[in-house]
1. Tell me, yes or no, whether the range 82-100 has at least one residue that is in contact with a helix residue (DSSP H, G or I) (Cβ under 6 Å, 6 or more places away or on another chain) and either at pLDDT 85 or above or under 30 Å from residue 139 (Cβ atoms) (or both).
2. What is the number of the single condition among (1) loosely packed, with under 15 Cβ neighbours inside 10 Å; (2) at pLDDT 90 or above that residue 166 does not meet?
3. Which of (1) at pLDDT 85 or above; (2) in the same structural domain as residue 158 (by TED's automatic domain parsing) does residue 116 not meet, given it meets every other one?
4. Mind listing whichever residues of the range 120-133 are crowded, with 17+ Cβ neighbours inside 10 Å and within 35 Å of the chain's Cα centre (by Cα)?
5. Please enumerate the residues belonging to the range 135-171 that are within 19 Å of residue 118 (Cα to Cα) and part of a strand (DSSP E or B).
């Protein structure tokens, strides 16, 4: 056919063939792009759903962390509120007990147990046995304590000056 057509028509026909070829190639590339997009779309959607789930679970975790911190703070405030509302301060009672101590007595250990009927245990060393008796009398006479108990061995002096005094009261 190429030898039958004149040169002008041959050039036009070649241009038409190239146009058809380019158009068919463009349609095929567009179709391939649509197929590739449809193939990737489910993976993209699943990633978006998973990311949204992670974000909501992280937000819920942060919210629950804030809620647990708030609950813990409320419990601590309740505990500290009951201590602050106590009728007398334990430090005031301890300071009062230690202010009555004679000069030749050394208190080494203080154990405080609070509650309705509080208890303070003072342990230490006295230079002489009469000092323990004087200290017990001073604590009893102060009126701050319901009961002042001292073991007899400490009053007699058989423990080499060591003593333990137990104070009871509402503090």
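1. yes
2. For residue 166, the exception is condition (1).
3. (1)
4. 120
5. Matches in the range 135-171: 147, 148, 149, 164, 165, 166, 167, 168, 169.
Residues checked against (1) buried (at least 17 other Cβ atoms within 10 Å of the Cβ); (2) in contact (Cβ under 8 Å) with a residue 24 or more places away in the chain; (3) over 19 Å from residue 96 (Cα atoms); (4) assigned by TED's automatic domain parsing to the domain that holds residue 96:
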site	(1), (2), (3), (4)
109	no, no, no, yes
135	yes, yes, no, yes
138	no, yes, no, yes
148	yes, no, no, yes
161	yes, yes, yes, yes
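The values are calculated or read from the model by the stated rules, or taken from the named source; none is laboratory data. Computed from a prediction, not measured in an experiment: that's the story for all the values here. Note that we place each Cβ from the backbone using ideal geometry, even for glycine, and neighbour counts take in every protein chain shown.
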